[in-house]
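Q: Here's a structure for you.
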Amino acid sequence: MGVPFLPVPGHVGSDYERLRPEFRLIADPYSGKDVLLVPAIAPDVSFLHALQADTEGNLLLDEKEDDCLLAQASRVVVASADEIVTPEALRRAPYGVRLSGIHVTALVHAPGGAHPTACRGRYGLDEAHIREYLRLAASDDSFRDYLQRYVFDLTDHGAYLGEAGLAALAP
Amino acid sequence: MTYTPEELMAAVIAREVRDGETVAVGTLSPLPAAGVLLAARRHAPRATVLIINHEDYWPFRNGSKEFYDFAQRGKIDLFFHSGGQIDQLGNLNLIAIGEHDHPVIRLPGGAGAPMLYYLAGRVILFRTEHTPRIFVERVDCVTSPGSSPPRVPRRGGPAKVVTPLAVLAFNPGSRRLELESVHPGLSFEEVQRSTGFPLVAPRGTPTTPPPTALDLAILRGPVRASLAKLYPIFALSAFLAA
């Protein structure tokens with residue numbers, strides 16, 4: 001939107017006023033009632049994973065997420081997409097919201113890129129992997145083991161897909 | 001008649017749904033979803049039912065913003081919240097247990113709660129754990145206050161609290177939660193021992209009406225089948241066999 005702040009309904013009288021000093025309470029100049037203002041968030045870079053992208057850089061994003069807002073708030077947008085399709089195929093997709101490529105700085109073809117979370121129509125949630133992540137993320141030592149196995153020991157994304165049981169998605 | 005605590009809570013929640021109103025159920029809320037689906041199949045067939053991310057009950061196609069904007073315009077008559085802590089003033093804590101900067105437990109955060117608690121017409125609070133660590137004298141952080149001063153625009157607020165032990169009702173005059181009823185087989189003293197603040201019971205200690213045979217048949221049949229699309233584990237564990 002390019003505005004410096006927005007008023008948010010509710011919130012007044014909660015501890016957000018104490019915990020978030022950048023939130024400001026003002027009298028609404030129109031109604032005179034108390035209203036909380038929050039400053040705009042302007043990320044330098046945002047990373048999005050799209051269900052599909054086309055060869056023009058247009059994205060098909062999950063309807064349940066607010067990725068279109070995030071992209072339009074960010075200076076640089078790096079998108080990954082599970083599939084790259086033609087612009088005609090992207091227009092025909094039955095599910096998802098489209099984001100124009102004009103908002104996208106860079107696009108990466110990353111099949112399986114949502115793993116261990118789900119990518120609608122492609123693969124489901126990997127519950128066993130998320131449980132393993134939660135177990136190993138409990139301490140710095142065990143999290144090093146996780147990173148070693150799933151990041152440092154792997155040569156490329158194809159190797160990760162093999163570890164994740166998604167080798168069939170590899171390009 | 002035999003029933004599970006979840007079936008009783010769902011039946012109690014269902015009674016709060018009015019026919020024709022717009023009822024929304026947020027994330028991680030299988031019990032309210034069960035109650036609303038029961039109401040829609042029983043006494044509230046003209047209610048507009050919204051259950052987040054349920055393929056049959058979620059019309060929004062543009063992220064959470066579309067739903068939040070809808071709620072901010074005052075379009076939700078009934079909503080449901082839970083809390084890491086709930087206190088006698090109807091304050092909710094979804095931020096942190098303990099000191100904010102050095103918490104014992106970091107909770108997930110308020111998301112839409114600090115808005116929906118004001119903008120939904122009525123909010124029913126639910127918890128499947130009724131203990132003194134949840135129902136406290138004063139919450140450690142106020143994500144959403146139970147009431148606010150007159151200068152704050154507020155359409156609604158807390159109406160009831162539903163737990164496995166009792167139903168509490170919010171009194172807008174005293175701005176406090178009061179005991180409405182205790183569930184079958186429980187005494188006032190048992191509920192008080194599980195509650196971290198003194199229970200006020202202006203109407204004595206009535207017993208919560210148990211679910212009827214019709215409630216249970218609907219819950220164990222069509223409601224279970226619909227819930228399984230979104231909450232498969234809950235749908236398997238919460239209900240007795242049809």
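Q: Does residue B:10 satisfy the criteria of being touching a residue at least 24 places away in the same chain (Cβ under 8 Å), small (Gly, Ala, Ser) and more than 14 Å from chain A (Cβ to nearest Cβ)?
A: Working: touching a residue at least 24 places away in the same chain (Cβ under 8 Å): yes; small (Gly, Ala, Ser): yes; more than 14 Å from chain A (Cβ to nearest Cβ): yes.
Yes; evaluated as a whole, the condition is true for this residue.
Q: Right, next: So, restricting to helices (runs of 4 or more DSSP H) that lie completely within the range A:65-171, which ones have at least 3 residues that are closer than 27 Å to residue A:40 by Cα? Can you show your working first?
A: Values: elements: A:67-73, A:87-92, A:127-136, A:140-147, A:157-163.
In the range A:65-171, the matching helices (runs of 4 or more DSSP H) lie at A:67-73.
Q: Here is a further query. Within the range B:65-77, is there a residue that is under 26 Å from residue B:223 (Cβ atoms), under 14 Å from the mean Cα position of the chain (by Cα) and open to solvent by less than 20 Å² (accessible area, probe 1.4 Å)? Talk me through it step by step, then tell me what you get.
A: The first filter runs over the range B:65-77 and keeps only residues under 26 Å from residue B:223 (Cβ atoms), leaving B:67, B:70-71, B:75-77.
Then keep just the ones that are under 14 Å from the mean Cα position of the chain (by Cα); that gives B:77.
Okay, now just the ones that are also open to solvent by less than 20 Å² (accessible area, probe 1.4 Å), so none.
Looking for residues that are under 26 Å from residue B:223 (Cβ atoms), under 14 Å from the mean Cα position of the chain (by Cα) and open to solvent by less than 20 Å² (accessible area, probe 1.4 Å), one finds none in the range B:65-77, hence no.
Q: A further question follows. Give A:161, A:166 a once-over and let me know the one that is in contact with a helix residue (DSSP H, G or I) (Cβ under 7 Å, 6 or more places away or on another chain) and either farther than 16 Å from residue A:81 by Cα or not assigned by TED's automatic domain parsing to the domain that holds residue A:70 (or both). It would help to see each step written out before you state the result.
A: On the way: A:166 fails: in contact with a helix residue (DSSP H, G or I) (Cβ under 7 Å, 6 or more places away or on another chain).
Only one candidate qualifies: A:161.
Q: Continuing with the same structure: Filter the range B:108-142 down to the residues that are among the aliphatic types (A, V, I, L, M) and open to solvent by 30 Å² or more (accessible area, probe 1.4 Å) and list them by number. Explain how you work it out, then say what you get.
A: Quick first cut of the range B:108-142, residues among the aliphatic types (A, V, I, L, M) only: B:111, B:113, B:115-116, B:119-120, B:123-125, B:134, B:136, B:139, B:142.
The one that is among the aliphatic types (A, V, I, L, M) and open to solvent by 30 Å² or more (accessible area, probe 1.4 Å): B:111.
Q: Would you point out which residue out of A:38, A:12 is facing chain B (nearest Cβ under 8 Å), among the β-branched types (Val, Ile, Thr) and either surrounded by 15 or more Cβ atoms within 10 Å (Cβ to Cβ) or touching a residue at least 60 places away in the same chain (Cβ under 8 Å) (or both)?
A: Values: A:38 fails: facing chain B (nearest Cβ under 8 Å).
After ruling out the rest, the residue left standing is A:12.
Q: Out of A:41, A:26, I need the residue that is under 22 Å from the mean Cα position of the chain (by Cα) and either within 30 Å of residue B:148 (Cβ to Cβ) or part of a helix (DSSP H, G or I) (or both). Which one?
A: Details: A:26 fails: under 22 Å from the mean Cα position of the chain (by Cα).
Exactly one of A:41, A:26 is under 22 Å from the mean Cα position of the chain (by Cα) and either within 30 Å of residue B:148 (Cβ to Cβ) or part of a helix (DSSP H, G or I) (or both), namely A:41.
Q: Also: Can you name the residue in the range A:15-35 that is closer than 27 Å to residue B:140 by Cβ and basic (Lys, Arg) and is also nearest to the other protein chains (Cβ to nearest Cβ) among such residues? Spell out the reasoning first.
A: Let us first name the residues in the range A:15-35 that are closer than 27 Å to residue B:140 by Cβ, namely A:15-25, A:34-35.
Restricting the remaining residues to those that are basic (Lys, Arg) gives A:18, A:20, A:24.
Details: A:18: 9, A:20: 11, A:24: 15 Å.
That would be A:18.
Q: Same structure, new question: Could you list, in sequence order, the residues of the range B:69-120 that are outside any loop (DSSP other than H, G, I, E, B) and in contact with a helix residue (DSSP H, G or I) (Cβ under 7 Å, 6 or more places away or on another chain)? Give the derivation first.
A: Keep residues of the range B:69-120 that are outside any loop (DSSP other than H, G, I, E, B), which gives B:69-72, B:78-81, B:85-87, B:92-93, B:96-99, B:102-106, B:113-119.
Of everything in the range B:69-120, those that are outside any loop (DSSP other than H, G, I, E, B) and in contact with a helix residue (DSSP H, G or I) (Cβ under 7 Å, 6 or more places away or on another chain) turn out to be B:71, B:72, B:79, B:80, B:81, B:92, B:114, B:115, B:116, B:119.
Q: Which of the residues that make up the range B:136-146 are assigned to a loop (DSSP other than H, G, I, E, B) and more than 8 Å from every other protein chain (Cβ to nearest Cβ)?
A: Taking the range B:136-146 as the starting set, the residues that turn out to be assigned to a loop (DSSP other than H, G, I, E, B) are B:137-143, B:145-146.
Of everything in the range B:136-146, those that are assigned to a loop (DSSP other than H, G, I, E, B) and more than 8 Å from every other protein chain (Cβ to nearest Cβ) turn out to be B:137, B:138, B:139, B:140, B:146.
Q: Further, regarding this structure: Within the range A:101-111, is there a residue that is open to solvent by less than 70 Å² (accessible area, probe 1.4 Å) and in contact (Cβ under 8 Å) with a residue 60 or more places away in the chain?
A: Yes, the conditions are met somewhere in the range A:101-111.
Q: A further question on this structure: Quick one: which helices (runs of 4 or more DSSP H) sit completely within the range B:155-242 and have at least 1 residues that are without any contact (Cβ under 8 Å) to a residue 40 or more places away in the chain, open to solvent by 40 Å² or more (accessible area, probe 1.4 Å) and touching a Ser or Thr at 6+ places or on another chain (Cβ under 7 Å)?
A: Numbers: elements: B:188-193, B:213-218, B:224-227, B:232-237.
Output list reads B:188-193.
Q: Look at the range A:134-164 and say how many of its residues are closer than 17 Å to residue A:112 by Cα and either in contact (Cβ under 8 Å) with a residue 40 or more places away in the chain or open to solvent by 70 Å² or more (accessible area, probe 1.4 Å) (or both). Working first, answer last.
A: Step one: list which residues in the range A:134-164 are closer than 17 Å to residue A:112 by Cα, which gives A:150-151, A:154-164.
Okay, now just the ones that are also either in contact (Cβ under 8 Å) with a residue 40 or more places away in the chain or open to solvent by 70 Å² or more (accessible area, probe 1.4 Å) (or both), so A:151, A:155-157, A:160-161, A:163-164.
Total satisfying the criteria: 8.
Q: Can you name the condition, by its number, that residue B:48 falls short on among (1) more than 13 Å from every other protein chain (Cβ to nearest Cβ); (2) out of contact with any strand residue (DSSP E or B) (no Cβ under 8 Å at 6 or more places or on another chain); (3) open to solvent by 10 Å² or more (accessible area, probe 1.4 Å); (4) free of Cβ contacts under 8 Å to residues at least 40 places away in the same chain?
A: Residue B:48 satisfies every listed condition except (2).
Q: Kindly indicate the residue of the range A:41-75 that is within 13 Å of chain B (Cβ to nearest Cβ) and among the small types (Gly, Ala, Ser) and also most open to solvent (accessible area, probe 1.4 Å) among those meeting that condition. Step through it out loud before you land on a result.
A: Of the residues in the range A:41-75, the ones within 13 Å of chain B (Cβ to nearest Cβ) are A:48, A:60-73.
Of the ones still in play, those that are also among the small types (Gly, Ala, Ser) are A:71, A:73.
Values: A:71: 3, A:73: 41 Å².
If we take residues in the range A:41-75 being within 13 Å of chain B (Cβ to nearest Cβ) and among the small types (Gly, Ala, Ser), then A:73 is most open to solvent (accessible area, probe 1.4 Å).
Q: Report, by residue number, each residue of the range B:19-46 that is of a type in the set (Ser, Thr, Tyr) and within 10 Å of the chain's Cα centre (by Cα). Let's see the steps before the verdict.
A: Step one: list which residues in the range B:19-46 are of a type in the set (Ser, Thr, Tyr), which gives B:22, B:27, B:29.
Selection gives B:29 alone.
The values are calculated or read from the model by the stated rules, or taken from the named source; none is laboratory data. Please read all numbers here as calculations on a predicted model, not as lab measurements. Virtual Cβ from ideal backbone geometry, glycine too; neighbours counted across all protein chains shown. Remember, those area values only see protein heavy atoms, side chains included, never the ligands or the DNA or RNA. Shrake-Rupley method; radii C 1.70, N 1.55, O 1.52, S 1.80 Å.
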